[in-house]
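Remarks on the structure that follows.
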Amino acid sequence: MRLWVVVNPSSGHGEGKKRGPEAVERLRACGLDLEVVTSEYPRHIYDLTRALEPGKYDGAVAVGGDGTLFELINGLVRAHGEIPFPIGQIPVGTGNSLARDLFSDSLDSAVQAICDNHTRPLDVIRYSTKQSEAYFTNVMGVGFVSDINARAFRFQWMGMTAYALATLLEIVRPRFAHTRVWVDGTEVLNEPTLFAEICNSRYTGGNMLMAPDAKIDDGLLDLVVCLPMKRLRLLRSFPKIFSGTHLALPEVKFFRGRRARIETDPPKRLSPDGEVFDETPVELECLPGFVEVFA
């Protein structure tokens, strides 16, 4: 089996640089034929996939985090109009949230899945805004969640602690937006919110169980919306997200469907798979089994 492997040395605050060579050697040790390239700057993978010849490979692997996988998927679709072969991730990023649902959330388990050529179908969510169209596999945040991601980038050197610190700082001055949500063509919400999170998989930010019942192959997206809370209640309620019990809060609303539309006033920025760009309004659609993944 011949694989195209892209290593992101910046993933996981340098973890990609440290463990990337190990991952490559482990893959070669089980007899795989590899072409290895390195992502040297943000969006570089888009350029690398443009030069890739799909017919030469049996799959592609991202050695990095959720953002690296995001770039690989979007780079392949932009360059070739589809995902032409199975893809995989060796999770050496900060969050590695999707890898938990693929049961390949360690270097050992990810390498084993790839070496065994064990794949499964994965839904992908396509989203479109006034600015662009793209795809994500894990989650997209709107509002408070995206503000946390944007702030966490300033503390990247702190690892996962950056998310907790950024959350506390955002809680001090929560920003609300009047939000309208449609699911499968029906308006389900029209009121102020703190955030909305569109989920394909269960986890976000590493170990935050945002959508406990989400399935990566059910053809549906899970939508979690949080209504405004006072700062003290928000601070006390936040730990519930690690166990998934936040869905029982009266301020938290949950919806599920194939398609969704979200509008906010004022416009709020988006964070697909941990990246931060674009803003509402946004249209979303779950694409069942859009890609085969090593898992």
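Listing for the model above:
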quantity: Test: residue in segment 123-143 that is free of Cβ contacts under 8 Å to residues at least 60 places away in the same chain and within 26 Å of Gly75 (Cα to Cα); calculated: yes
quantity: Qualifying residues in segment 30-53 (those that are part of a strand (DSSP E or B) and among the β-branched types (Val, Ile, Thr)) - the one surrounded by the most Cβ atoms within 10 Å (Cβ to Cβ); calculated: Val36
quantity: Residue satisfying condition, being out of contact with any Pro (no Cβ under 9 Å at 6 or more places or on another chain) and surrounded by fewer than 20 Cβ atoms within 10 Å (Cβ to Cβ), within set Ala164, Ala152, Ala113; calculated: Ala164
quantity: Filter result for Asp213 (surrounded by fewer than 18 Cβ atoms within 10 Å (Cβ to Cβ), of a type outside the set (Val, Ile, Thr), under 30 Å from Pro121 (Cβ atoms) and free of Cβ contacts under 8 Å to residues at least 24 places away in the same chain); calculated: yes
quantity: Number of the condition not met by Asn207 [criteria: (1) surrounded by fewer than 22 Cβ atoms within 10 Å (Cβ to Cβ); (2) on the phi < 0 side of the Ramachandran plot; (3) at pLDDT 95 or above]; calculated: (3)
quantity: Filtered residue count, segment 78-116, keeping only those that are under 17 Å from Asp33 (Cβ atoms) and among the small types (Gly, Ala, Ser); calculated: 1
quantity: Residue match in segment 92-110 (condition: surrounded by fewer than 18 Cβ atoms within 10 Å (Cβ to Cβ), in contact with a Lys or Arg (Cβ under 9 Å, 6 or more places away or on another chain) and modelled with pLDDT under 95); calculated: yes
quantity: Those residues of segment 273-282 which are surrounded by 16 or more Cβ atoms within 10 Å (Cβ to Cβ) and either touching an Asp or Glu at 6+ places or on another chain (Cβ under 8 Å) or among the acidic types (Asp, Glu) (or both), in sequence order; calculated: Asp273, Gly274, Glu275, Asp278, Glu279, Thr280
quantity: Residue match in segment 114-123 (condition: outside the structural domain of Val282 (by TED's automatic domain parsing) and closer than 26 Å to Glu263 by Cβ); calculated: yes
quantity: Breaking point among (1) farther than 18 Å from Val142 by Cα; (2) at pLDDT 95 or above; (3) exposed (fewer than 15 other Cβ atoms within 10 Å of the Cβ), for Asn190; calculated: (1)
quantity: Residue within segment 237-256 that is assigned to a strand (DSSP E or B), outside the structural domain of Ala99 (by TED's automatic domain parsing) and modelled with pLDDT under 95 present; calculated: no
quantity: Any hit, segment 257-270, residues being under 15 Å from Pro174 (Cα atoms), at pLDDT below 95, loosely packed, with under 14 Cβ neighbours inside 10 Å and of a type in the set (Lys, Arg); calculated: no
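One line per residue, one yes/no per condition, for (1) closer than 25 Å to Ile125 by Cα; (2) outside the structural domain of Glu275 (by TED's automatic domain parsing); (3) part of a helix (DSSP H, G or I); (4) in contact with a His (Cβ under 9 Å, 6 or more places away or on another chain):
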| residue | (1), (2), (3), (4) |
| --- | --- |
| Glu15 | no, yes, yes, no |
| Lys18 | no, yes, yes, no |
| Arg28 | no, yes, yes, no |
| Gly55 | no, yes, yes, no |
| Val61 | yes, yes, no, no |
| Thr68 | yes, yes, yes, no |
| Asn74 | yes, yes, yes, no |
| Arg78 | yes, yes, yes, no |
| Pro84 | yes, yes, no, no |
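The values are calculated or read from the model by the stated rules, or taken from the named source; none is laboratory data. The model shown is predicted, which means the values in this text are computed figures rather than measured ones. Positions of Cβ are generated from backbone atoms using ideal geometry, with glycine treated the same way; all protein chains shown enter the neighbour counts.
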